[in-house]
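Peer 1: The following block contains the structure, expressed as structure tokens.
The values are calculated or read from the model by the stated rules, or taken from the named source; none is laboratory data. Values in this document were obtained by computation on a predicted structure and should not be read as measured data. We place every Cβ from the backbone using ideal geometry, glycine too, and count neighbours over all the protein chains shown. Remember, those area values only see protein heavy atoms, side chains included, never the ligands or the DNA or RNA. Shrake-Rupley method; radii C 1.70, N 1.55, O 1.52, S 1.80 Å.
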Amino acid sequence: LNVTMINGVKRSESALLHAGSPLFGQFKDSLRHVQGQLDTSLDAFGHSRSAFARRLGYKQFQFFGGMSEELVFGCALVSLGHSCSAFIYAVDMRTGERFEHSSMRPGSMGMSLSDNPREGSSHCQMGRLQVEQRYFDQPRQKQLKVSIGEEFVLEALSHETDFEPMSLCTRSGYNGWTYANKTAGVALTGSLLWRGKKIDLETIKCMGHHDFSCGFMRPETWWNWACFSGHAELEGGAESAAIGLNISCGVNETSYSENCFWLNGECINTAAAVFDFDRQAPLSEWKIHTHDDSVSLRFTPLGIYEDNTRLGPLAARFRQVFGHFDGYLIHQGQRYLIKRLSGFVEDQFVRW
């Protein structure tokens, strides 16, 4: 394995597990081998997880989002051990017209997920809904295909050559962990057939975000999250940079943090983030900043995708709000102005 030293600890650029336990910290690249279900870590009392506990406790989700001035879309594949689900939505940002479709099945019925974000494929077929996410290493790309009969057909390809992903593993609870791999601010190509019209993603300058997360996560957890992709101008000049944002609060904050933004493909870490919003009125304005003042944003909601689930001890309140960001990012003393960039915020509670 190609092993390097990061923060004084050996980290493999290929595999997450070492001697059956995950390596914690940041990685220079996306991992080729995650294989989280092979984890043999011991619990608080020195016992290993049973096969049943590994199957039920291992969680995975993969989200592919696109955003531009004209269109926002999001598609997720979620495997929780006891059940799996998928959703897709798209929003015309000019008219507010929306498309939504979601489905859930017991166990892993109708779904198989790639074990890493670098090579492989994930598939979902639930009734009319068909979803495929594929990961390519050479050249580095991610692909999304969604179809719901002929009513909605989406094909999107993110181009990540010379792009530095956010790749890290953090502790979750006493003996759990989460591996998260994220990208934002990457150009998309492809098309969307919706309402009898075909939209070319490159023509509307659509840019993408991807989230690959898995692990033995906290049985009860919550998070707020913000993400956008687009272009920003350097204050006082005409220079423009491809830009992406990924910051959160409440998850992946144990010793290391997933908080970052991208400038022309370079991943830049930020400090902890604060989300100021009204939980009872998520469609009112959000204010978001980091403690190092590298991120200062206002988010104006335009709509929401939400799902509330209560099944015995299982519960989830998922709210992904789409809209516009305004504000600035600072890097090396230079301020990049954010003006009406499309993106998402989330408020989520889950007990799984």
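Peer 1: Look through the range 285-316, keep the residues that are farther than 16 Å from Phe344 by Cβ and in a loop (DSSP other than H, G, I, E, B), and return whichever of them is farthest from the chain's Cα centre (by Cα).
Peer 2: Across the range 285-316, the extreme among qualifying residues is Gly312.
Peer 1: Cβ-Cβ under 6 Å, sequence separation 6+ or interchain: first residue in the range 239-255 and farther than 19 Å from Asp211 by Cα, partner open to solvent by less than 10 Å² (accessible area, probe 1.4 Å). Which pairs?
Peer 2: Ala241/Ala232
Peer 1: Which members of the range 114-141 meet the condition of being open to solvent by 40 Å² or more (accessible area, probe 1.4 Å), touching a Gly at 6+ places or on another chain (Cβ under 9 Å) and more than 18 Å from Ser158 (Cα to Cα)?
Peer 2: Asp115, Gln125, Gly127, Arg128
Peer 1: Can you pull out the residues in the range 177-187 that are surrounded by fewer than 20 Cβ atoms within 10 Å (Cβ to Cβ) and under 17 Å from Gln26 (Cα atoms)? Don't jump to the end; show me each part of the working.
Peer 2: Step one: filter the range 177-187 for residues surrounded by fewer than 20 Cβ atoms within 10 Å (Cβ to Cβ), giving 187.
Selection gives nothing.
Peer 1: Scan the range 54-112 residue by residue and report those that are assigned to a strand (DSSP E or B), of a type in the set (A, V, I, L, M) and touching a residue at least 40 places away in the same chain (Cβ under 8 Å). Before you say what the answer is, go through the steps one by one.
Peer 2: Let us first name the residues in the range 54-112 that are assigned to a strand (DSSP E or B), namely 58-67, 71-79, 83-92, 98-106, 111-112.
Subset that is of a type in the set (A, V, I, L, M): 67, 71-72, 76-78, 86, 88, 90-91, 104, 111.
Answer for the range 54-112, where residues must be assigned to a strand (DSSP E or B), of a type in the set (A, V, I, L, M) and touching a residue at least 40 places away in the same chain (Cβ under 8 Å): Met67, Leu71, Val72, Leu77, Ala86, Ile88, Ala90, Val91.
Peer 1: Condition check: under 25 Å from Arg140 (Cα atoms), of a type in the set (D, E, K, R) and open to solvent by less than 60 Å² (accessible area, probe 1.4 Å). Does Lys205 satisfy that? Show your work before the answer.
Peer 2: Values: under 25 Å from Arg140 (Cα atoms): yes; of a type in the set (D, E, K, R): yes; open to solvent by less than 60 Å² (accessible area, probe 1.4 Å): no.
Spelling it out, it is not the case that Lys205 is under 25 Å from Arg140 (Cα atoms), of a type in the set (D, E, K, R) and open to solvent by less than 60 Å² (accessible area, probe 1.4 Å).
Peer 1: Can I ask one more? The conditions are (1) more than 14 Å from Leu16 (Cβ to Cβ); (2) over 14 Å from the mean Cα position of the chain (by Cα); (3) in a strand (DSSP E or B); (4) hydrophobic (A, V, I, L, M, F, W, C), and Phe163 fails exactly one of them. Which is it?
Peer 2: Of everything listed in (1) more than 14 Å from Leu16 (Cβ to Cβ); (2) over 14 Å from the mean Cα position of the chain (by Cα); (3) in a strand (DSSP E or B); (4) hydrophobic (A, V, I, L, M, F, W, C), Phe163 misses just condition (3).
Peer 1: While we're on this one: Mind checking which residues of the range 15-28 are in a loop (DSSP other than H, G, I, E, B) and loosely packed, with under 15 Cβ neighbours inside 10 Å?
Peer 2: Within the range 15-28, Ala19, Gly20, Lys28 meet the criteria.
Peer 1: Another question, if that's okay. Do we have Phe152 as in contact with a strand residue (DSSP E or B) (Cβ under 7 Å, 6 or more places away or on another chain), more than 30 Å from Arg55 (Cβ to Cβ) and either touching a residue at least 60 places away in the same chain (Cβ under 8 Å) or open to solvent by less than 70 Å² (accessible area, probe 1.4 Å) (or both) here? Give the steps one after another, and end with the answer.
Peer 2: Numbers: in contact with a strand residue (DSSP E or B) (Cβ under 7 Å, 6 or more places away or on another chain): yes; more than 30 Å from Arg55 (Cβ to Cβ): yes; either touching a residue at least 60 places away in the same chain (Cβ under 8 Å) or open to solvent by less than 70 Å² (accessible area, probe 1.4 Å) (or both): yes.
Yes; evaluated as a whole, the condition is true for this residue.
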